[in-house]
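This is the structure I have questions about; it appears just below.
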Amino acid sequence: MSLQEADLIKELADKILYHRQLYYSGKPVLSDHEFDELENKLRKLDPKHPVLAMVGTSSLAADDKIKHRFPMLSLAKTYVLDDLLKWQGDRELLGSVKLDGNSLSLVYINGKLTEAKTRGNGFEGENVQSKVSWIESCLPKLNWKTIKKFNINDSFIEVRGELCCHEKKFESLSQKMETLGLEKPSNPRNIVAGILGRKHHENLSKYFDFFACDLLGEDGFSPFDKEADKFKFLLELGFLIPEVRKVQTKEQVESYLSFVKNYIDFEPYGADGAVFSINRVEEHRRMGSTSHHPRFKMSFKWQGETATTELLSISWSTSRLGVVTPVAEVKPVTLSGATISNVTLHNVSRVVEHQLKVGDQIEIVRSGEVIPKFLRVVHAKKGQCLVPTHCPSCQFKLLEDGVRLLCSNTACPAQVFRGVLNWIQVVGIEDLSEKRLQLLFDLEKVNKIADLYSLSVKDFLDLPMVKDKLAKKLYATIQSSKSIPLAVFLNGLGIHGAGQSTWKELVDFFGDLETILEADSSAIAEIDGFAEKSAQQIVSGLKLRSRDIKDLIKAGLAPYVELADKKFENNNFKDKTFVLTGTMERPRQSIVDDIIKAGGKVVNAVSSKVDVLIIADPKSKSSKAKKARDLGISLWSEKVFTEKLKF
Ligand SMILES: [Zn+2]
């Protein structure tokens, strides 16, 4: 090794140590990529350099164990709805999606992250603080303003949650690991535990996301009166949280479970059930815990009994979005105490893969209260597997789209019907059940969403079992739904790839319906947090629904724009466009919220349309900062931003 090379190695190592220190103190000036580049350079020159193997700047070894101040217990679990309801009694619950990640505990003393550990054996866990510091959603600090706002006086706050790997990030991580010469991970669930247990490459943790699910104060319980408030607090602090909902009646519990069931199939982070906790925290203290689990929480999973039966027929139906799905009718069989005669087959690929046909002996599974599922063929009957070529509703020729069969006819009666039903559910027209809607369709009184608004009291009286009182109520509910928030209106159109929160963001950004309809996909993709693909889906979805939108407005619908909290206009922000980059002291989302409230917009990329780049270090030499300087864009530090917010 030449002297010159030795100098270069030393210089690189010092640089890495310096930047790592900055990173751990929450003030990085290099992007992850730039930091990786430094490490790569050093690795090329000296692959065994100790700096590369060092775990953070902490003096603790990676296999340090830390005691949990309050044991991290398991959860009581059930597969049976009745058991869940019996446990619930008449109490209000808070349901949340049960993410299937690795449990993590983050301890904050006076708002500062002082400990991060795994669940371990429940009494002591592995110290993972150096890894956690790479994870953006593991906040290094809690915003004191938020703590004050929520009246939290505990100096000890423990946030517990799940560390998960998003499907997409898993792909990037796999590639990255391959380039590092590490063994390729098998699945997103295992990789989290794998990286957490690794001594080196702790920066790979940056591919993970932490979802906060629980919060403990000094007495080991939530410092809030209600569980729901706990989640509001976590969200406002800037944590990611799972989907939560308050439920009380049996119907609400069931509807939430069917939501979760559906959600699990598409959840990119991996989820395996629902967790319910008693909403009143006072009850938690009263009920306490066993040595194994808290008595005030219950998880619900779908994983049930199986049975073998005969496949009698396969029926195909078209969904709201035109997907043609198969359902099997089977010889009635008892499973977990219920008689089963229908089994979902998911999609056409399942039918083709297993060559399903009438007469097959199949094994089915019933998990909780949902529709039972097909598991496998036990004994196949001779013959051919038949798959439809035309839509069962409109006879249009079907398209094959990956694992699905699609009807592309937008006037397809089944799709239109499902679309109107979706509107009714989103807007909340109670009592107009699927059955009643079907009758209105059969009588040709409803053929599209807007037709609902021309129905008279008499039209309802023509339906069986509908008396004067109900007819008037139905009519009044429909009429009152003419005035709804614009985001609800747009959500009711059932456009693929966009939910209520997406529409709310678009409404906040563009201001009114007209502007949203005029926006092209590049304008939407510019908004912070929107991807090009979903922007395109939104634009084409709106285009497809333009007839519906016109008809609804003509029918007297007057969607209104809800202001994002109280808007206060500030000339430093009004009509200006912002880009955020680097790690900030405050949670990113709360900065975005403040900008929107002050009348500004936040976009993804630096371009000539941008007015201000908010950046951790305005002197940074990063490409974003350079480009901004070249374009004459103002660069504000977070401190300057806070000043400008005060006028
Ligand atoms: Zn069709």
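List the helices (runs of 4 or more DSSP H) inside segment 504-581, counting only whole elements, that have at least 2 residues being more than 15 Å from L493 (Cβ to Cβ).
513-518, 521-525, 532-544
So which residues in segment 153-184 are among the aromatic types (F, W, Y) and within 30 Å of P47 (Cα to Cα)?
Of everything in segment 153-184, just one residue is among the aromatic types (F, W, Y) and within 30 Å of P47 (Cα to Cα), namely F170.
Could you tell me which of the residues K250, K261, K297 is more than 12 Å from L99 (Cα to Cα), touching a His at 6+ places or on another chain (Cβ under 9 Å) and charged (D, E, K, R)?
K297
Out of all the residues in segment 582-595, is one or more of a type in the set (A, V, I, L, M) and either in a strand (DSSP E or B) or open to solvent by 40 Å² or more (accessible area, probe 1.4 Å) (or both)?
Scanning segment 582-595 turns up no residue that is of a type in the set (A, V, I, L, M) and either in a strand (DSSP E or B) or open to solvent by 40 Å² or more (accessible area, probe 1.4 Å) (or both).
Here is a follow-up. Given the structure, is W302 within 16 Å of the ligand (Cβ to nearest atom) and either surrounded by 15 or more Cβ atoms within 10 Å (Cβ to Cβ) or within 30 Å of N409 (Cα to Cα) (or both)?
no
To keep it simple, each residue is scored yes or no on (1) within 9 Å of the ligand (Cβ to nearest atom); (2) surrounded by 12 or more Cβ atoms within 10 Å (Cβ to Cβ).
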site: H379; (1), (2): no, no
site: G383; (1), (2): no, no
site: C412; (1), (2): yes, yes
site: W423; (1), (2): no, yes
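Look at segment 449-463 and say how many of its residues are open to solvent by 20 Å² or more (accessible area, probe 1.4 Å) and part of a helix (DSSP H, G or I).
Here the count works out to 6.
Here are L405, L439: which of them is under 15 Å from D459 (Cβ atoms) and either more than 30 Å from the chain's Cα centre (by Cα) or within 16 Å of the ligand (Cβ to nearest atom) (or both)?
From the options L405, L439, the qualifying one is L439.
Kindly state which strands (runs of 3 or more DSSP E) lie completely within segment 62-157 and contain at least 3 residues that are within 17 Å of D209 (Cα to Cα).
93-99, 102-109, 112-118
Please indicate, with yes or no, whether at least one residue in segment 313-336 is open to solvent by 30 Å² or more (accessible area, probe 1.4 Å), over 30 Å from C394 (Cα atoms) and either within 16 Å of the ligand (Cβ to nearest atom) or touching a Gly at 6+ places or on another chain (Cβ under 8 Å) (or both).
Yes, segment 313-336 contains at least one residue that is open to solvent by 30 Å² or more (accessible area, probe 1.4 Å), over 30 Å from C394 (Cα atoms) and either within 16 Å of the ligand (Cβ to nearest atom) or touching a Gly at 6+ places or on another chain (Cβ under 8 Å) (or both).
Since F231 meets every condition but one in (1) under 27 Å from V128 (Cα atoms); (2) not in a helix (DSSP H, G or I), which condition does it not meet?
(2)
I'd like the full set of residues that are open to solvent by 50 Å² or more (accessible area, probe 1.4 Å) and either part of a loop (DSSP other than H, G, I, E, B) or in contact with a Ser or Thr (Cβ under 9 Å, 6 or more places away or on another chain) (or both), limited to segment 618-639.
Across segment 618-639, the qualifying residues are K619, K621, S623, K624, K626, K627, L631, G632.
Which count do you get for residues in segment 470-491 that are β-branched (V, I, T) and either closer than 16 Å to S433 by Cα or surrounded by fewer than 16 Cβ atoms within 10 Å (Cβ to Cβ) (or both)?
2
The values are calculated or read from the model by the stated rules, or taken from the named source; none is laboratory data. Everything quoted here is computed from the prediction, not taken from an experiment. FYI the Cβ positions are ideal-geometry reconstructions off the backbone, even for glycines, and counts take in every protein chain you see. Accessible surface areas use protein heavy atoms only, side chains included; no ligands, DNA or RNA. Shrake-Rupley method; radii C 1.70, N 1.55, O 1.52, S 1.80 Å.
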